[in-house]
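The block underneath contains the structure these notes are about, expressed in structure tokens.
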Amino acid sequence: MSKPYFPMFVDLTDKKVVVVGAGTIAKRRIRTLIEFTDHLVVIAPEVNRELQELEEQGKLTILRKKYEREDLYEASLVIAATNDSKINNDIHSACRCLGITVNVCSDKNKCDFYFPGIAIRDNLVAGVTASGKDHKAARAAVEKIREIL
């Protein structure tokens, strides 16, 4: 039987966080991450209005281009959220070589961490995961915690 994941809270304030992709899953991750870092970089050839507005507000930087390995340099955390498994696999391989913590949204076996459900109020942050086994239970727990907060 596998053990549950250890909850670990990390200060990302001054760390470069890279999200490759700008689709539905990427946007969910981006909405969460902008609360935790001042150095969020999104790499995607095209982005929607929501992400453009976040860029205009100074909450993130968008590199409107296709992913290249050099985009990962100096990153502390990377989210691979493209709809192309070859690109996601390359991101995973590059991060492993560079010692960068990575989450490949489409493949739980290529994740150094699971992206938790987050409940936040001021400086109080709760993160919930079911260690990749029961997303509905984790989501329900996060909603209850949000109500409490």
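The values are calculated or read from the model by the stated rules, or taken from the named source; none is laboratory data. As the structure is a computational prediction, the values presented were derived from the model and not from experiment. Methodologically, a virtual Cβ is constructed for each residue, glycine included, from the backbone with ideal geometry; neighbour enumeration extends over all protein chains shown. Just the protein is used for accessible areas: all its heavy atoms, side chains included, with ligands, DNA and RNA removed. Shrake-Rupley method; radii C 1.70, N 1.55, O 1.52, S 1.80 Å.
Remarks
- Counting only residues at least eight positions apart within a chain, or on another chain, the lysines with an alpha carbon under 19 Å from that of Lys16 are Lys27, Lys59, Lys65, Lys66.
- Part-to-part distance (alpha-carbon centres) for the stretch 2-57 and the stretch 70-149, which is given in Å: 10 Å
- Label zone at Asn89, where the point sits 7 Å out along the Cα-to-Cβ direction: the stretch 43-69 residues whose backbone N lies under 17 Å: 69
- Across the stretch 49-149, Cα pairs under 8 Å and at least six residues apart give a relative contact order of 15 percent.
- Cα gyration tensor category, rounded, prolate or oblate, for the stretch 99-149 with a/c compared to 1.5: oblate
- Magnitude of the charge dipole, the chain, Cβ model with Lys/Arg +1 and Asp/Glu -1, debye to 20: 580 debye
- Full-extension gain in nm, Thr61 to Ala140, via 0.36 nm per residue minus C-alpha separation: 25.2 nm
- Shape call, the stretch 6-52: gyration tensor on alpha carbons, a/c limit 1.5: prolate
- Chymotrypsin sites (Phe, Trp or Tyr not before Pro) within the stretch 1-90, DSSP loop, no more than 12 other Cβ atoms inside 10 Å: Phe9, Tyr73
- Solvent-accessible surface of protein heavy atoms, probed at 1.4 angstrom with all chains present, puts Val41, Val125, Val102 in the order Val125, Val41, Val102, largest first.
- Of all DSSP beta bridges in the stretch 1-143, antiparallel share, percent nearest 5: 30 percent
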